[in-house]
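Below: one structure, written as C-alpha cells.
The values are calculated or read from the model by the stated rules, or taken from the named source; none is laboratory data. It should be emphasised that the depicted structure is a prediction, and the values quoted were computed from it without experimental measurement. In this analysis, Cβ positions are derived from the backbone assuming ideal geometry, glycine residues included, and neighbour counts consider all displayed protein chains. Just so you know, the surface numbers come from the protein's heavy atoms only, side chains and all, with ligands and any DNA or RNA stripped out. Shrake-Rupley method; radii C 1.70, N 1.55, O 1.52, S 1.80 Å.
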Amino acid sequence: MTPREIIAKAWAITREQRGIRWWGYTSSFFETLLHLKMLVYQAYFFWSFVIAGSTIGLFEIEEIIYRAVPFPVFAAIITIFLVLLVIEVFIPSFCLGAMIGLGAKAHNKEKVDGGFVLALYNFFPLFVLKEIVVLSSVSLAITFTSVILRYGGSPSMVTFLLSALWLLWLFSVTLKFLLCFSEEAIVIRKTGTFQAMGASFKLVISHLSKIVFLLVLLFVISLRIVINALMALLLPALVIGFAFLFSTFLSGTVTAILTGIISLILVALSSYLFAYLEVFKQTAWTITFLELGKLKEMDVIEG
C-alpha cells in the first residue's frame, strides 16, 4: 500500500470502528488531564517566579488549597488528585494495546473484539517501552525546566542543567521515532520489549523514505502538533481564568469545586477530538507495520 492508501484506510477504520474510538477517548481523556494539571502547575510557578518575583515551594498550591477550604474538602481533593495521577500514568499504556490490536484486526478483516484482553496482556511491556522515552513529553520537559529555573542554583549551573535537559529531550524524541513500531511488534508479533525495539529500528532504517513521507502526511492531515500546542495553552488559561473569576465572589470551597467541574468538562470535550486523532494516527502506524512486515528484509539475500 502507498502512504496515501494507508492514510485513507486508517481514517476509514477510525470512522467505522466506534469501539476503537472509545479506547482512544479513554486514553486521550486521562492523558490530557495529566498534561493539563502539569501545565497549570507550571503556569502558576511561572507567574510567581517571573511576575511576582518569588520562589515558591513544590507544594505551594496544596498549601493554598489547605488554607482556603475545610480539612475534609482538602483531604478529598488530595485523595482524588493522587488516585487520578495513578490512573493517568497507567491508563494510556493500557488502552494502547487495545487500539493497536483492534486496529490490526479491522485492517485484516477480522472480527474486531477482545479489546480488554489485548489491553491487559500487553500493558506491562507497553508501559516499560513508554517509560524508556518518557522524556520526549513536552509537558514533562517544561516541568523539569521550571524546577531547574527555580532551584538550579547559580546561573552557570542552571544553563548547564537546561542544556543537558533539552539535549536529553531531543535524544528521546529521536529515539521515540526510531522505536515507533516497537508497540506494534509487541502487540501483533508478541515479541519482547527489547526485541521489539530492535525490530522497529531495523524497519525505520530500512524504509526511512516511506516512513518520513507517511509522517509528513499525518502531520498535514491531522495537524496534531498544532492542535496540541493550542490546547496546551488554551486549557490551562481557561482553568486559571475561571478559578480567578470565581474566587472574586465565591468561597474557596465553592471555587475549587466549580473549577474542578469545569476543568473536567473542558478535558472531556477536547479529548473527544483527540480520540479521533489518536486512533487515526495509531491505526496508520499499525497498518504501516503490517504492510512493511510483508516485504523482504533488507539484510536478507536469497539466491
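Given contacts defined as C-alpha pairs under 8 Å and at least six residues apart, what's the relative contact order of segment 90-201, whole-number percent?
Reported relative contact order: 28 percent.
Taking 8 Å as the Cα distance limit and 6 or more residues as the minimum spacing, I'd like the relative contact order of segment 151-200 as a percentage.
RCO, segment 151-200: 28 percent.
Order the peptides 168-178, 121-131 from the highest to the lowest mean number of other Cβ atoms within 10 Å of their residues.
Top to bottom by mean Cβ count within 10 Å: 121-131, 168-178.
At 7 Å along the Cα-to-beta-carbon direction for both A75 and F90, put a label point, then send me their distance in nm to one decimal.
In this crude spin-label approximation the distance works out to 2.4 nm.
In nanometres, what is the gap between the two model label sites at L120 and L273, each 7 Å from Cα along Cα-to-Cβ?
In this crude label model, L120 to L273 measures out at 3.6 nm.
Which whole-number percent gives the relative contact order of segment 1-158, counting Cα pairs below 8 Å spaced six or more residues apart?
It rounds to 29 percent for segment 1-158.
Please provide three numbers in whole Å: the alpha-carbon extents of segment 29-170 along the principal axes, with the largest listed first.
60, 44, 21
Whole angstrom only: what separates the Cα centroid of segment 88-113 from the Cα centroid of segment 1-48?
Computed from Cα coordinates, the inter-centre distance equals 14 Å.
If the cut-off is 14 Å between C-alpha atoms, which aspartates and glutamates fall inside it for K176, apart from same-chain ones fewer than 8 positions away?
E131, E184
Among 102-110, 88-96, how do they line up by average Cβ neighbours within 10 Å per residue, starting with the highest?
Result, highest mean Cβ count within 10 Å first: 88-96, 102-110.
Using a 7 Å offset from Cα along Cα-Cβ at I64, what residues in segment 27-49 end up with backbone N under 15 Å from the label point?
Residues 37-49 qualify, since their backbone N sits under 15 Å from the label point.
State, to one decimal in nm, how far the label point of T159 lies from the label point of F177, with both points 7 Å from Cα in the Cβ direction.
2.9 nm
Treating the beta-carbon of each Lys and Arg as +1 and of each Asp and Glu as -1, no other charges, what is the dipole magnitude of segment 80-200 about its Cα centre, to the nearest 20 debye?
140 debye
Rank these residues by their accessible area, most exposed first, probe 1.4 Å: M99, M1.
M1, M99
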